[in-house]
Amino acid sequence: MTIHETLDIRKLWNLSGFITLMRLPLALIFPFVAAVPFIATIVLLLAAISDVIDGVIARKMNTESHIGGFADGWVDKIFNINAGWSLVVFDWMPWWASCLLFTREWIQIPMVPYYVAQYVRGHSPPNKPLLSGKVCSVLLVVAMIASLWSLSYVMWGSILGTAVLGAYSTIVYLGREFEARTKIN
């Protein structure tokens, strides 16, 4: 597989790719609506729903692609981190709670150059989704929505669940990657 086949952006020009990329405008508008809980909640729910259905549609319509998986992961991170800092700026959540919310991203940061190089070479990480990773993503959205509505116990429980499950999932994903790489070498 060549770099042009791997990162062929034309493979995003389908329904699932459109749904994935629609999270970018949602990420851009979130800071402007974060002060209004009802509207911010709608934007968070639209982003979460689009994150669920883009992959389902890609599999059903046989439009899964390397670039689609790559874009989905990065768009998720862009949206979630943008929403997270917006909640801090509008004082819906303390900064350190937002740091806990993104435990898996903190663990993944040192691996970004490695993963980008792997994607460019056409190698997808062996990241069959874990239930813990899916639950972590749901808890992240629940924590954000709970912060908007001042549901402290729900927010704190969701943040702690996100931190623990995010760390666990990331460690499992990294273990899978290490195992796959040692089998190749």
Restricting to segment 83-107, give me the number of residues that are outside any loop (DSSP other than H, G, I, E, B) and crowded, with 18+ Cβ neighbours inside 10 Å. 11
Failed item, numbered, when Ala146 is tested on (1) without any contact (Cβ under 8 Å) to a residue 60 or more places away in the chain; (2) more than 22 Å from Pro31 (Cα to Cα); (3) assigned to a helix (DSSP H, G or I): (2)
Under 9 Å between Cβ atoms, at least 6 apart or on separate chains: pull out the pairs that start in segment 119-142 with a residue that is over 18 Å from Glu179 (Cβ atoms) and end on any residue that is modelled with pLDDT of 75 or more and among the aromatic types (Phe, Trp, Tyr). Tyr119/Phe70; Cys136/Tyr168; Leu140/Phe102
Being in a helix (DSSP H, G or I) and surrounded by fewer than 17 Cβ atoms within 10 Å (Cβ to Cβ) is the filter here, so list the residues in segment 42-68 that pass it. Ile42, Leu45, Leu46, Ile49, Val52, Ile53, Val56, Arg59, Lys60
Taking segment 164-185 and the residues there that are in contact with a helix residue (DSSP H, G or I) (Cβ under 6 Å, 6 or more places away or on another chain) and of a type outside the set (A, V, I, L, M), the one that is surrounded by the fewest Cβ atoms within 10 Å (Cβ to Cβ) would be Tyr168
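Condition test on Asp72, is it in a helix (DSSP H, G or I), among the acidic types (Asp, Glu) and in contact (Cβ under 8 Å) with a residue 60 or more places away in the chain? If you could, list the steps in order and put the result at the bottom.
Details: in a helix (DSSP H, G or I): yes; among the acidic types (Asp, Glu): yes; in contact (Cβ under 8 Å) with a residue 60 or more places away in the chain: no.
Spelling it out, it is not the case that Asp72 is in a helix (DSSP H, G or I), among the acidic types (Asp, Glu) and in contact (Cβ under 8 Å) with a residue 60 or more places away in the chain.
The values are calculated or read from the model by the stated rules, or taken from the named source; none is laboratory data. Predicted model only: the values in this text are computed from it and were never measured. Glycine also receives a Cβ, built like all others from the backbone with ideal geometry; neighbour counts cover every protein chain displayed.
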